[in-house]
Amino acid sequence: MQATTSLNQVDAGWAARVRRLADERGALILAHNYQRPEIQEVADHVGDSLALARLAAASSAKEIVLCGVYFMAETAKILSPSRTVLIPDAGAGCSLADSITVSQLREWKAEHPGAAVVAYVNTSASVKAEADVCCTSANAVEVVSAIPASREVLFLPDQFLGAHVRRITGRSNLRIWAGECHVHAGISPQALRDMAAARPEAELYVHPECGCGTSALWQAGTGDLPLSRTKILSTGGMLEAARSSSASAVLVATETGMLHQLRKANPAVSWEPVNPHATCHYMKMITADALERCLVSGEAEVHVDASVAARARRAVEAMISVGPTSASVRVGA
């Protein structure tokens, strides 16, 4: 069954079935910004990782259907242990989350006793359980800034986001794990430079996970990129900026699923990907058929070991509590 005939047109019959099934199950459908357009359109809420974590924590729904990758569904279960959490395809993994294992993290911690561990939310439940606090691209700077400046920080697993945080905070005691998202790593500085040169009127929205993110502000400072029009933004930050943008065109350096929400937020702008092939096949595993099957059968349910979930919950809740006005974050010694 094909749910869409174009980017913005969703099959009404399929959408009605999905909404009826969700209502019958008492299910809340949450979708990440990188999901297929039809999945975004039928969801109760669409957002970035931080927004979905907060919605999962606040929800009173009987079931949560997480349309994203597996670590996101685990996070929802961690925050809502008494509720059923479903993911339409349990095979939807994440190359970034796979770039560090719990045993590797334990070894790294042993090499740096007393360091605060900041785990990007794009990690497994077992890795989160070894962290002091989690973060997303939207609040990574705030999370790290809230840790006392004298304390060493281990930041994992994304090296590009870590480099962005180190640059903004100026912390010399921030150690960074050498992991990456294969999709974002494939958006190169040269591609960004070439696109910016070809479209001199365009603004640039760059996700900090990108391979070009670390160099984008440096390039702007040297004149290779337009300083006033280059912005390093989380997916949530991109959407907020999009609503008030008066640019005629914006070049977007992130997974291409984000373009759907940006085009909806401000259709007057021409939204163009820096790399049109920057598509996460894991995110796209959540198809129209998979979502409908999930709501019919109740598969696949997500389970997290209770002891792992309890430890991971502290790190995720610490992330949710951190905001721009937070003076400090409480982390274990």
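Quick rundown of the values:
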item: Number of the exception - residue 161 against (1) without any contact (Cβ under 8 Å) to a residue 60 or more places away in the chain; (2) more than 18 Å from residue 34 (Cβ to Cβ); (3) assigned to a helix (DSSP H, G or I); result: (2)
item: Which numbered condition residue 293 fails, given (1) in contact with a helix residue (DSSP H, G or I) (Cβ under 7 Å, 6 or more places away or on another chain); (2) surrounded by fewer than 17 Cβ atoms within 10 Å (Cβ to Cβ); result: (1)
item: Residue match in segment 72-87 (condition: of a type in the set (Ser, Thr, Tyr) and under 18 Å from residue 296 (Cα atoms)); result: yes
item: Among the residues listed as 115, 90, the single one being surrounded by fewer than 22 Cβ atoms within 10 Å (Cβ to Cβ), under 18 Å from residue 280 (Cα atoms) and aliphatic (A, V, I, L, M); result: 90
item: Selected residue (only one of 109, 77 is closer than 17 Å to residue 134 by Cα, open to solvent by 40 Å² or more (accessible area, probe 1.4 Å) and either in a loop (DSSP other than H, G, I, E, B) or not aliphatic (A, V, I, L, M) (or both)); result: 109
item: Any hit, segment 225-238, residues being in contact with a His (Cβ under 9 Å, 6 or more places away or on another chain), in a loop (DSSP other than H, G, I, E, B) and either open to solvent by 20 Å² or more (accessible area, probe 1.4 Å) or on the phi > 0 side of the Ramachandran plot (or both); result: yes
item: Residue list for segment 139-160, restricted to those being within 20 Å of the chain's Cα centre (by Cα) and open to solvent by less than 40 Å² (accessible area, probe 1.4 Å); result: 139, 140, 141, 143, 144, 154, 155, 156, 157, 158, 160
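Per-residue answers, yes or no, for (1) among the basic types (Lys, Arg); (2) modelled with pLDDT of 95 or more; (3) open to solvent by less than 20 Å² (accessible area, probe 1.4 Å); (4) in a helix (DSSP H, G or I):
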{"residue": "16", "(1), (2), (3), (4)": "no, yes, no, yes"}
{"residue": "19", "(1), (2), (3), (4)": "yes, yes, no, yes"}
{"residue": "22", "(1), (2), (3), (4)": "no, yes, yes, yes"}
{"residue": "30", "(1), (2), (3), (4)": "no, yes, yes, no"}
{"residue": "38", "(1), (2), (3), (4)": "no, yes, yes, yes"}
{"residue": "50", "(1), (2), (3), (4)": "no, no, yes, yes"}
{"residue": "53", "(1), (2), (3), (4)": "no, no, yes, yes"}
{"residue": "64", "(1), (2), (3), (4)": "no, yes, yes, no"}
{"residue": "71", "(1), (2), (3), (4)": "no, no, yes, yes"}
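The values are calculated or read from the model by the stated rules, or taken from the named source; none is laboratory data. This structure is a prediction, so every number in the text was calculated from the model and none was measured. In this analysis, Cβ positions are derived from the backbone assuming ideal geometry, glycine residues included, and neighbour counts consider all displayed protein chains. These area figures cover heavy atoms from the full protein model, side chains too; ligands, DNA and RNA do not enter into them. Shrake-Rupley method; radii C 1.70, N 1.55, O 1.52, S 1.80 Å.
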